[in-house]
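Novice: Below is a structure I'd like to ask you about.
The values are calculated or read from the model by the stated rules, or taken from the named source; none is laboratory data. Just so it is clear, the structure is predicted and the values come from calculations on it, not from any experiment. With ideal geometry, Cβ positions are generated from the backbone for all residues, glycine too; neighbour counts draw on all protein chains shown. Surface accessibility is based on the protein's heavy atoms, side chains included, excluding ligands, DNA and RNA. Shrake-Rupley method; radii C 1.70, N 1.55, O 1.52, S 1.80 Å.
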Amino acid sequence: MTLELDDLRVRSLGECRYDSPFAEMLATKRTSPHYVHEDDRVLVDDTVSILLSRGVSIDQLPSLETAGPRRKIYFDPAATSVGIVTCGGLCPGLNDVIRGIVQELTEHYHVAHIYGFRNGYAGLTRHQRDRVVELDLRAVRDINNDGGTILGSSRGDQDPEDMVDTLVDMGISVLFVIGGDGSMRGAMKLTREIEARGLDISVIGVPKTIDNDLPFTDQSFGFQTAFAQATKFIASVFIESQAAENGVGIVKLMGRHSGFIACYAALSNNDADFVLIPEVPFVLDGPDGVLRRVEDHVRRHGQVVVVVAEGAGQELLEQEGRTTDASGNTKLGDIGLFLKQKITEHLTAVDLPPTVRYLDPSYAIRSVAANAYDSVYCVRLAHAAVHAGMAGRTETVVVRWRRRFVHVPMELITSHRNQVDPDGDLWMSVLEATGQPATFGG
Ligand SMILES: Nc1ncnc2c1ncn2[C@@H]1O[C@H](COP(=O)(O)OP(=O)(O)O)[C@@H](O)[C@H]1O
Ligand SMILES: O=P(O)(O)OC[C@H]1O[C@](O)(COP(=O)(O)O)[C@@H](O)[C@@H]1O
Ligand SMILES: [Mg+2]
């Protein structure tokens with residue numbers, strides 16, 4: 001993708017004049033293999049050929065501002081009130097991020113107030129102001145042990161003017177939005193309204209998506225927990241299909257436009273024989289179609305396991321009557337049940353009457369608490385978000401990119417979708433592990 005250095009510059013509200021609580025700790029720090037100084041930058045690219053193809057000098061290469069504490073900060077902590085909101089679908093680790101933000105702001109920055117807005121952007125509107133909760137260390141003490149979000153979440157548009165009125169009335173200086181692509185688009189509408197009114201309010205995003213469909217982030221928080229959950233369902237249908245004559249196990253996993261959960265879950269215990277994802281179209285019929293391949297597998301091995309991402313093969317389903325959810329996301333057809341029906345019909349017709357074990361774990365993979373790895377990731381993102389906000393960055397998200405925590409302009413995180421590259425090494429691993437053909441039906 002063409003990327004200029006200027007596209008990667010994050011917005012700041014102004015000069016940092018206040019001493020940071022971390023000033024002393026940072027006094028002697030310099031960039032090392034394990035630390036990036038605030039005056040240094042992190043490269044976007046990581047291969048020699050891509051760097052060379054950029055054709056610019058080193059200081060002009062696309063690079064990102066490092067995240068982390070600053071020696072000087074923009075907001076005076078004692079006079080700063082902060083808001084937190086979680087929006088969109090659930091994701092393991094939301095509570096860890098909330099907790100990390102509250103702990104960092106309380107224990108190190110000693111800000112005046114931390115407010116939690118309930119039920120997503122709806123909680124920022126006039127008619128829900130009475131439901132705002134004040135957050136302190138006690139309120140967040142054990143919340144990381146639970147899935148979901150203590151603040152609640154929602155889909156659906158809200159009026160940016162109304163929401164900014166709330167921020168102004170409550171004296172909020174920094175708003176942390178923990179949400180996905182839709183939430184970040186909503187957050188940008190907030191920053192535009194804030195800018196238009198000349199207000200001194202920072203909006204910082206912590207990108208959330210179990211589908212791992214946001215760009216400029218190695219892997220989104222909660223993703224590892226979600227695919228680990230999904231793995232258990234694949235193992236179940238594998239065992240069931242092994243014990244049955246002509247056993248067919250099918251698991252449908254979340255992933256509207258990106259098949260990362262399906263790929264990782266399938267790779268994790270290597271029980272899947274076929275993985276179908278939105279990024280790789282397939283045909284069902286014909287000598288190289290999915291049905292014939294499934295049949296061949298059952299003939300040879302007596303059973304088969306198919307993992308399908310919910311957004312896969314949508315072109316095979318009825319397009320008419322498609323509706324959208326409250327946030328404008330297209331509601332998908334049920335590819336899992338469709339495959340179940342087609343495979344059953346096909347195997348019956350070729351005299352291999354199947355025993356089908358179909359599982360759609362759906363919310364069971366995203367409503368759980370984060371695992372230890374994701375919890376660590378969440379708390380580090382939370383710290384980075386707090387530092388960015390207190391340093392006056394705005395319209396900025398904090399991400400981990402090639403294992404460094406960095407700042408990315410909000411616009412870039414919504415600029416395109418992160419998808420499994422059919423020419424990339426992840427998909428190659430899936431093909432290697434399953435033995436399935438690179439394409440079905442040419
Ligand atoms: N283009 C947009 N402009 C403003 N708000 C948006 C936009 N897209 C989504 N939103 C709002 O952001 C919130 C979360 O969006 P949604 O798509 O449901 O989840 P996610 O943020 O996880 O993608 C919802 O309140 C939704 O109305
Ligand atoms: O039933 P809901 O809440 O709309 O959620 C379903 C969708 O939410 C997801 O978890 C993604 O949510 P987001 O769009 O909020 O990131 C998808 O995997 C799934 O399709
Ligand atoms: Mg989304």
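Novice: Springs between alpha-carbon pairs under 10 angstrom, Gaussian network model over the chain: which of Leu412, Leu317, Leu13 fluctuates most?
Specialist: Leu317
Novice: Still on this structure, please answer the following. Determine how many Å³ per residue the convex hull of the Cα atoms of the chain encloses.
Specialist: 154 Å³
Novice: On to the next question. If you wrap the stretch 1-41's Cα atoms in a convex hull and average its projection over all directions, what's the area in nm²?
Specialist: Mean projected area for the stretch 1-41: 4.7 nm², to one decimal.
Novice: Additional query: Rounded to the nearest 5, what % of the DSSP beta bridges within the chain are antiparallel ones?
Specialist: 35 percent
Novice: Let me ask something else. Taking H as built 1.01 Å from N, whose amide H comes closer than 5 Å to the amide H of Val397, not counting residues under 5 places away?
Specialist: Under 5 Å from the amide H of Val397 lie the amide H atoms of Gly205, Val408, Met410, each far enough along the sequence or on another chain.
Novice: Taking 0.36 nm per residue of separation and subtracting the Cα-Cα distance, what length does fully extending Leu431 through Ala78 add?
Specialist: 121.5 nm
Novice: Using a 1.4 angstrom probe with every protein chain in place, what is the largest-first accessible-area order of Glu320, Glu310?
Specialist: Listed by decreasing accessible area, they come as Glu320, Glu310.
Novice: Out of the trypsin sites (Lys or Arg not before Pro) in the stretch 188-290, which ones are loop residues according to DSSP with at most 14 other C-beta atoms within 10 Å?
Specialist: Those satisfying the criteria are Arg197.
Novice: Near the amide H of Gly313, under 5 Å away, which other amide H atoms are found, from residues 5 or more places off or on another chain, if H is placed in the peptide plane?
Specialist: Amide H neighbours of Gly313, under 5 Å, 5+ apart: Phe282.
Novice: Output wanted: per-residue J couplings in Hz (rounded whole) for the stretch 196-202, from phi through Karplus 6.51 cos²θ - 1.76 cosθ + 1.60, θ = phi - 60°, x for Gly and Pro.
Specialist: Coupling constants for the stretch 196-202: 4, 8, x, 8, 9, 10, 9 Hz.
Novice: What does the charge add up to near Pro437, with Lys and Arg as +1, Asp and Glu as -1, over the other residues with Cβ less than 9 Å from its Cβ?
Specialist: Once positives and negatives cancel, what remains is 0.
Novice: Carbon and sulfur: what percent of the chain's accessible surface (1.4 Å probe)? Write down the numbers at each step before the final one.
Specialist: On the way: 9020 of 19040 Å².
Carbon and sulfur: 47 percent of the exposed surface of the chain.
Novice: Less than 15 Å Cβ to Cβ from Thr125, Lys/Arg counted +1 and Asp/Glu -1: what total charge do the surrounding residues give? Working shown, then result.
Specialist: Working: positive: Arg118, Arg126, Arg129, Arg131, Arg155, Lys189; negative: Asp130, Asp157, Asp159, Glu161, Asp162, Asp165, Asp169, Glu193.
Spelling it out: positives minus negatives among the neighbours equals -2.
Novice: Still on this structure, I have one more. Bin width 10 Å, origin at 0, all Cα-Cα pairs of the stretch 326-429: what percent of pairs per bin?
Specialist: 10, 21, 31, 20, 11, 5, 1
Novice: Let me ask something else. With an 8 Å Cα cut-off and a minimum separation of 6 or more residues, compute the relative contact order for the stretch 1-120 in percent. Walk me through the intermediate numbers first.
Specialist: Values: 127 pairs, mean separation 36.9, N = 120.
Result for the stretch 1-120 is 31 percent.
Novice: With contacts defined as alpha carbon pairs under 8 Å and 6 or more residues apart, what's the relative contact order of the chain in percent?
Specialist: 23 percent
Novice: Within a Cβ distance under 10 Å of Gly255, other residues only, what is the Lys/Arg minus Asp/Glu net charge?
Specialist: So the surrounding residues net to -2.
Novice: Further question on the same structure: Tell me, what ³J(HN,Hα) does each residue in the stretch 82-92 have, in order and in whole Hz, if you take phi through Karplus 6.51 cos²θ - 1.76 cosθ + 1.60 with θ = phi - 60° and put x for Gly and Pro?
Specialist: So the J values, rounded to whole Hz, are 10, x, 10, 9, 10, 10, x, x, 5, 7, x.
Novice: Of all trypsin sites (Lys or Arg not before Pro) in the stretch 273-381, which ones are in loop regions per DSSP and have a Cβ with at most 13 other Cβ atoms within 10 Å?
Specialist: Passing sites in the stretch 273-381 are Arg322, Lys331.
Novice: Among the lysines, select those whose C-alpha is under 29 Å from the C-alpha of Lys342, and discard any that sit fewer than 8 residues away in the same chain.
Specialist: Lys232, Lys252, Lys331
Novice: Could I ask something else about it? Ignoring ligands, DNA and RNA, what accessible area per residue does the chain give at 1.4 Å, in Å²?
Specialist: In whole numbers, the chain has 43 Å² accessible per residue.
Novice: Next question. Report relative contact order for the stretch 219-302 in percent, whole number only (criteria: Cα-Cα under 8 Å, sequence separation at least 6).
Specialist: Relative contact order comes out at 26 percent.
Novice: Moving on to the next point. Which FRET efficiency value, to the nearest 0.05, do you get for Ser57 and Leu332 by plugging their Cβ-Cβ distance into 1/(1 + (r/R0)^6) with R0 = 56 Å?
Specialist: 0.75
Novice: Oh, and also: Mind checking which aspartates and glutamates have their C-alpha under 13 Å from Lys29, skipping anything on the same chain fewer than 8 residues away?
Specialist: Candidates past the 8-residue exclusion: Glu38, Asp39, Asp40.
Novice: What distance in nm lies between label points placed 7 Å from Cα along the C-beta direction at Ala139 and His127?
Specialist: 2.4 nm
Novice: How big is the antiparallel share of DSSP beta bridges in the stretch 82-205, given as a percent to the nearest 5?
Specialist: Counting only bridges with both partners in the stretch 82-205, antiparallel ones make up about 15 percent.
Novice: Amide H to amide H, which residues 5 or more places from Leu64 or on other chains are under 5 Å from it, using H placed in the peptide plane?
Specialist: Those lying under 5 Å, H to H, from Leu64 are Val42, Leu43, Val44.
Novice: Given the stretch 224-360, what percent of its DSSP beta bridges are antiparallel, to the nearest 5?
Specialist: Antiparallel: roughly 5 percent of the beta bridges in the stretch 224-360.
Novice: Each residue of the stretch 67-72 in order: what ³J(HN,Hα) in whole Hz does its phi give by Karplus 6.51 cos²θ - 1.76 cosθ + 1.60, θ = phi - 60°, with x for Gly and Pro?
Specialist: 8, x, x, 10, 6, 10
Novice: Still on this structure: So how compact is the stretch 63-110: Cα radius of gyration and Dmax in angstrom?
Specialist: 13.4, 36
Novice: Running a GNM on the chain with Cα contacts under 10 Å, which residue among Leu137, Leu52, Leu151 ends up with the highest mean-square fluctuation?
Specialist: Sorting by GNM fluctuation, first place goes to Leu52.
Novice: Which angle from 0 to 90°, rounded to the nearest 10, does the C-alpha axis of helix 223-243 make with the longest principal axis of the chain?
Specialist: 10 degrees
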